[in-house]
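Engineer: Please see the structure below; I have some questions.
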């Protein structure tokens, strides 16, 4: 017998009993972006490998270790997108969207070959927001406010905002030399990855998760002490605006992010609820990326969040709303009621907006149909038998309470269902 096929490790199915949580989260994200006048953009899952090498940086974990890269039949090197900012920037530049300030958002699957763990998978879904053409700290602050509003809506009050500024490219270059001198003097304490990055990208050493290097990194010179005046003013302006909005934050001088295109503002929302991988949302400013990809100099800022981590957090904190179970389950007994049942269900869906109505399919005894109705989670069973049909009536049985069975006129059933929905919505 052939071996039963399984999904690829770290690439998971989203099952019907899980998908309602995703739908609720996605709806919240769509409503959030509408409040802040961001437009949706969709771009390919596959891009040229060069796009990510030039944007993310060749000496990064993503490019060096995690990308799904392959040659197509033409010999071109292609990569499954590992994140959304580079593809969004490429699409905006290629399609002439940079003439005026743009506010864009996207949502879709990304791919990284890393060790699967809670909330982190090899195929994961990312929601991202990008704004082009605005250089002041006000747009940075507004994007952080967007994320704070989302946590409030979802009931997530355990997240901490961490902030830092990476300064201008010139300030980072000067700081880079200071870091090289510092870490070179302690080269015997560097792990293999850090030794390799010492000359190519020493700022990435600050992002090391190796606990054996924690003390060494903690004592390293801080970039905030070497910021250029313009970047320092920009960062101060961001903090003033966050203070005015009442958004609490912690300054983290070791926050550098794992992608080379960032400059000036960087931020992360972190939690202790998800173990070692505590970042739920991250972003910052990347004013040089568009130019680096061959476009005009364009200020830009954005953020992204992994939906798997948010879903895991909502589930752990029991904040996910219940599944969308039927309001009513329609049972039909007899040949004529069965024939009338589908037409009745369609009429009710026309007349009662928002009704979730499930019809019995596949016949079955009266007892079997009631069992199906109960398993569906529906509050009410609508019972249509031959006698009821002849009288133009239908019986209503409360499956979740102690109320006695009632009988309603078929031509008045939609009125009763509307009142039922009204009562349900008023209870919350």
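Engineer: Mind pulling the angle between the C-alpha long axis of helix 229-245 and the longest principal axis of the chain? Nearest 10 degrees, somewhere in 0 to 90.
Structural biologist: Roughly 30 degrees between the two axes.
Engineer: A follow-up question, please. How much length is gained on full extension from residue 153 to residue 343, taking 0.36 nm per residue of separation minus their Cα-Cα distance?
Structural biologist: 64.5 nm
Engineer: At q = 0.25 Å⁻¹, work out log10 I(q)/I(0) for the range 290-339 with the Debye formula, treating every Cα as an identical point scatterer and leaving solvent out; two decimals please.
Structural biologist: For the requested q values the scattering log ratios are -1.00.
Engineer: If you average the C-alpha positions of the range 62-105 and of the range 294-308 separately, how far apart do those two centres end up, in angstrom?
Structural biologist: 11
Engineer: I would also like to ask the following. Between residue 406 and residue 215, 0.36 nm times their residue separation minus their Cα-Cα distance comes to what?
Structural biologist: Length gained, residue 406 through residue 215: 61.5 nm.
Engineer: From a point 7 Å beyond the Cα of residue 292 in the direction of its Cβ, which residues of the range 82-121 have a backbone N at a distance under 18 Å?
Structural biologist: Residues passing the 18 Å test: 82-94.
Engineer: For the chain, report the % of Cα-Cα distances exceeding 36 Å.
Structural biologist: Value for the chain: 42 percent of Cα pairs lie more than 36 Å apart.
Engineer: On to the next question. If you build a Gaussian network model of the chain, linking Cα atoms that sit under 10 Å apart, which residue out of 139, 247, 355 swings the most?
Structural biologist: Comparing 139, 247, 355 in the GNM, the peak value goes to 355.
Engineer: Once the Cα atoms of helix 85-94 and of the chain are each reduced to a long axis, what angle between those two axes, in degrees from 0 to 90 to the nearest 10, is obtained?
Structural biologist: Tilt of helix 85-94: around 90 degrees.
Engineer: So, in Å, what gap is there between the alpha-carbon centers of the range 311-374 and the range 215-281?
Structural biologist: Distance between centres, Cα-based: 50 Å.
Engineer: Put a dot 7 Å past each Cα toward the Cβ at residue 351 and residue 46; how far apart are the dots in nm?
Structural biologist: Here the answer is 5.2 nm between the modelled labels.
Engineer: Convert 4 °C to kelvin, take the viscosity as 1.567 mPa s, use the Kirkwood radius over C-alpha pairs of the range 290-421 as Rh, and evaluate the Stokes-Einstein diffusion coefficient in µm²/s, rounded to a whole number.
Structural biologist: It comes out at roughly 73 µm²/s.
Engineer: Further, regarding this structure: What value, in deg cm²/dmol to 500, does the helix sum -39500 (n - 2.57) over DSSP H runs of n ≥ 4 give at 222 nm once divided by the residues of the chain?
Structural biologist: When only DSSP H runs of four or more count, the value is -12000 deg cm²/dmol.
Engineer: Ok, one more. Output the 0 to 90 degree angle, nearest 10, between the alpha-carbon long axis of helix 366-376 and the longest principal axis computed from the alpha carbons of the chain.
Structural biologist: Taking Cα atoms only, the helix is inclined about 20 degrees.
Engineer: Let me ask something additional. State whether the range 129-220 is rounded, prolate or oblate according to the following rule on the C-alpha gyration tensor (a ≥ b ≥ c being the square roots of its eigenvalues): a/c under 1.5 gives rounded; otherwise a/b larger than b/c gives prolate, and the remaining case gives oblate.
Structural biologist: It is oblate, given that a/c is not under 1.5 and a/b is not larger than b/c.
Engineer: Further, regarding this structure: Taking the Cα-to-Cβ direction at residue 4 and at residue 398 and moving 7 Å from each Cα, how far apart do the two end points lie in nm?
Structural biologist: 4.3
Engineer: Can I ask one more? Assuming R0 = 22 Å, what is the FRET efficiency of residue 14 and residue 34, from their Cβ-Cβ distance, to the nearest 0.05?
Structural biologist: 0.35
Engineer: Further, regarding this structure: Write down the percent of antiparallel bridges among all DSSP beta bridges whose residues are both part of the range 328-426, to the nearest 5.
Structural biologist: Here the antiparallel bridges make up roughly 50 percent for the range 328-426.
Engineer: Okay, moving on. Run a plain Debye calculation on the range 40-107 (Cα atoms as equal point scatterers, no solvent) and give log10 I(q)/I(0) at q = 0.17, 0.23, 0.26 Å⁻¹, rounded to two decimals, same order as the q list.
Structural biologist: Results for the range 40-107 at q = 0.17, 0.23, 0.26 Å⁻¹ read -0.64, -1.01, -1.16.
Engineer: Which shape class, rounded, prolate or oblate, goes with the range 193-338 when its Cα gyration tensor gives a ≥ b ≥ c as root eigenvalues, a/c under 1.5 marks rounded, and past that a/b bigger than b/c marks prolate?
Structural biologist: prolate
Engineer: Would you mind checking the range 330-353 for residues with the amide N under 16 Å from a putative spin-label position 7 Å along Cα→C-beta of residue 363?
Structural biologist: Those under the cut-off are 332-341.
Engineer: What area, in nm² and to one decimal, does the C-alpha convex hull of the range 369-412 cast on average over all directions?
Structural biologist: For the range 369-412, the mean projected area of the Cα convex hull comes to 3.3 nm².
Values quoted throughout were computed directly from the atomic coordinates according to the rules given, and no laboratory measurement underlies them. Please read these numbers as outputs of a predicted model, since none were measured by experiment. All Cβ positions, glycine included, derive from the backbone under ideal geometry; neighbour counts span all protein chains shown.
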